[in-house]
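A.B. asks: Got a structure for you, written out below as structure tokens; questions coming shortly.
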Amino acid sequence: MADIWRIDRRGRAISLVSLATYCGAAVGPIFGGLVSQNIGWPWTFWVVSIFDGVLLIVYTLVLRESYAPV
């Protein structure tokens with residue numbers, strides 16, 4: 001995080017990354033339970049795969065390279 005954000009914005013970025021970790025651990029089992037109960041347990045894996053694919057595309061378009069020579 002230190003090489004991506006300026007000093008005045010670094011605290012907010014680190015807190016959002018930490019918040020995402022805790023929210024994922026809290027919301028993940030609830031969402032997984034709802035998906036497996038209403039759609040079926042095999043769809044739990046498909047929903048996670050689709051979500052990861054969307055995040056991969058978004059991160060590829062939005063995040064910039066932090067290694068200076070590149």
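The values are calculated or read from the model by the stated rules, or taken from the named source; none is laboratory data. Everything numeric here is computed off the predicted structure, so don't read it as measured data. For neighbour counting, all protein chains shown are included, and Cβ atoms are generated from backbone atoms with ideal geometry for every residue, glycine included. Surface areas here come from the heavy atoms of the whole protein model, side chains and all, with no ligands, DNA or RNA. Shrake-Rupley method; radii C 1.70, N 1.55, O 1.52, S 1.80 Å.
A.B. asks: List, please: which pairs have Cβ atoms under 9 Å, are six or more places apart or on different chains, and start with a residue in the stretch 1-19 that is in contact (Cβ under 8 Å) with a residue 40 or more places away in the chain and end with one that is surrounded by 11 or more Cβ atoms within 10 Å (Cβ to Cβ) and in a helix (DSSP H, G or I)?
C.D. replies: Pairs found: Ile4/Arg10; Ile4/Ala13.
A.B. asks: Is it fair to say Leu61 is in a helix (DSSP H, G or I) and open to solvent by 100 Å² or more (accessible area, probe 1.4 Å)?
C.D. replies: yes
Okay, residues lined up against (1) in contact with an Asp or Glu (Cβ under 6 Å, 6 or more places away or on another chain); (2) loosely packed, with under 10 Cβ neighbours inside 10 Å; (3) of a type in the set (A, V, I, L, M, F, W, C); (4) at pLDDT below 90:
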| position | (1), (2), (3), (4) |
| --- | --- |
| Asp3 | no, yes, no, yes |
| Ala13 | no, no, yes, yes |
| Gly24 | no, no, no, yes |
| Leu34 | no, no, yes, no |
| Thr44 | no, no, no, no |
| Val47 | no, no, yes, no |
| Phe51 | no, no, yes, no |
| Tyr67 | no, yes, no, yes |
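A.B. asks: Would you be able to say whether some residue in the stretch 31-48 is of a type in the set (A, V, I, L, M), within 14 Å of the chain's Cα centre (by Cα), assigned to a helix (DSSP H, G or I) and closer than 21 Å to Asp3 by Cα?
C.D. replies: No, the stretch 31-48 contains no residue that is of a type in the set (A, V, I, L, M), within 14 Å of the chain's Cα centre (by Cα), assigned to a helix (DSSP H, G or I) and closer than 21 Å to Asp3 by Cα.
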